[in-house]
Amino acid sequence: MPIRVLPDFLINQIAAGEVVEKPASVVKELVENSLDAGADQIVVDVIDGGRTLISVIDNGCGMSREDLARSISRHATSKLPSDDLLDINFMGFRGEALPSIASVSDMTIDTCNGADSNGWCLNCESGDIRPSNWEDGTRIRVQNLFAKTPARLKFLRADKAELISVLDVIKRLAMARPDVGFTLNNKWRFPKNQEMSERIVAVMGDDVRGRMLEINANSSSNNTLTLRGFISEPTLRRASSVDQYLFVNGRPVKDKVLVGALRAAYMDVMHAREFPLCALYLTLDPRSVDVNVSPAKTEVHFLEPSHVRAFIIKSLRETLAGTLNDRVGIIQSNIASKAVSQNMNFNKSDFRVCTPHIGPDSAFMFEAIAKKNWGAEKQEEIKESLADEFLPLGHVIGQIGNKYILAQSGENLVIVDQHAAHERITYEHLRKNSIKVQPLLTPIVVSLRPEDIAAVLSISDEINKSGLHIDTFGDDAIAIFEKPADWDLNWADLFHSIADEVREYGHSSQLGERLHLKLANYACHHSVRAGQKLDFAQMDALLRDIENTSRAGECNHGRPVYKIIPLTEIDGWFERI
Ligand code: ADP
Ligand code: MG
């Protein structure tokens, strides 16, 4: 077969395969162009989820007649004035979007750049340019998307689902640019020049008002690296990552380094299957980040990913620590630096001073430090002198209101919510030990469409790990051969939800979420209630259990488990200092 050079229209359609996946990607490219054109008012309308019409109108700089003609040529861009790919200050730069979209739709562009006496209208199909009475900025109308590539058309989801994806794109850009006004279908409006905190409420919903913590951090080792924005208190979370808005140098991204750092920062205070909300803006020297990774540009490559990760985790933890009892990370580094700076000469009062809020983890931390720095004999000696500190929640003094346990730990008064404490203990215990797998004599057979079966089986390893052993059963069913003993769910519903999520996100959190709900519910109903009288032995046992339980700072609903009040604070009440 002879080799041939492909004609332009095919090259464009192939490129469109990467850039234009669905209506939301068209909206993203067009609105990014409007932002690059300096618009501060952008109006988007979509009909039938975008398959009949996508219209984007902006009040940006517009184009001259010559630029309008060039704009739909491949690799034609006004955004790379020099030849330096690392010096990118606009959202676009590939010059691919307009020719790609034009190749898979009927597109017209009306534009006026103010310099010409009238506007111009380009019919992208014929290449005709005529004078138009368009007066300000640019309007792009994309009709009959994918009509020329029916294979693509088949992959579009229901109109409503496509509209939701479009809304998601607008929300991400609205978070990137609170100074710009956005309107979608005259229904969703984000007015221009909104305060950041107001825009967050407009985008994420009313329940976040007053529950987001502000971050404003500069790296101490790299003065171009900064992180600002808002993150949710640990008690505010979502079942998916919808409300995680991440930006690198103003560009919305879905980047593994950032998502991983976010997860790590919340690890101690949030279930791994739950998602904190955030609007985080990372800025750094454009030369230390490569945005040229994927055509949709949602991934980036950092020159020093581990440095960026460490900076984000540290900044988030510091902000979270301000609101939590659980100051573990900070206490840890304080003790460590103290021990090092004192040349390992340990002294009991220093331990106290540098851990004003002794938490359940201090004992473990201390042990790790001691092992590293001191011989066995010295370790014992120190341990003895610190006997109290190894019971971080201290000795029981009594119970009040049949609800709270009072204890004394060193120079601190400790108040423990008995129900929250027990709930966390039961939950963590169940999480570790609950999966007793039961083989089924007759497998449970669930009928599913072949595409759902394929989606579910693509994560079968993960499903098997949760104790559910499944396999195909003919062409149109899945059979369950083993399951956790006390699991009786609506299986068809579970597998449909898993299949939907896998198709949407490539993975599914359904099993984890349902497991969490089940355990949390069980833990709640099998825990010591508020209002129950406890004797000293029971209270002591509860405190010792909590000290050995992970994530003990909060119950699994996110309420605090204990509070520690230093004696010095009490002295303050009585004006003794
Ligand atoms: P890129 O954005 O990567 O440059 P596009 O194909 O998206 O490539 O756009 C090509 C060019 O058309 C842009 O560089 C810009 O000069 C011009 N352009 C596109 N949309 C607009 C707009 N809304 N307002 C003004 N100019 C635009
Ligand atoms: Mg563009």
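See the values below:
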quantity	calculated
Distance between region 133-178 and region 33-94 - C-alpha centres, whole angstrom	14
Added length on full extension, which subtracts the Cα-Cα distance from 0.36 nm per residue, ARG130 to ARG65	22.5 nm
For region 66-142, alpha-carbon Rg and Dmax in angstrom	13.3, 39
Charge tally in the Cβ shell below 13 Å around GLU569, where Lys, Arg are +1 and Asp, Glu are -1, GLU569 excluded	-1
Part-to-part distance (alpha-carbon centres) for region 1-27 and region 561-575, which is given in Å	68
Long-range HN-HN contacts of LEU213 with modeled amide H, under 5 Å	ILE231, SER232, GLU233
Computed over region 45-89, the ratio Rg/Rh where both radii use C-alpha atoms and Rh is Kirkwood	1.10
Rg(Cα)/(2.2 N^0.38 Å) for region 140-232, N = residue count	1.47
Space enclosed by the convex hull of the alpha-carbon atoms of region 81-190, per residue, Å³	170
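Read-outs throughout are calculated quantities, based only on the coordinates presented, and are distinct from any laboratory measurement. Note that the coordinates shown come from a computational prediction; the quantities given were computed from them, not determined experimentally. Don't worry about glycine lacking a Cβ; one is built from the backbone with ideal geometry, like all the others, and counts go over all protein chains shown.
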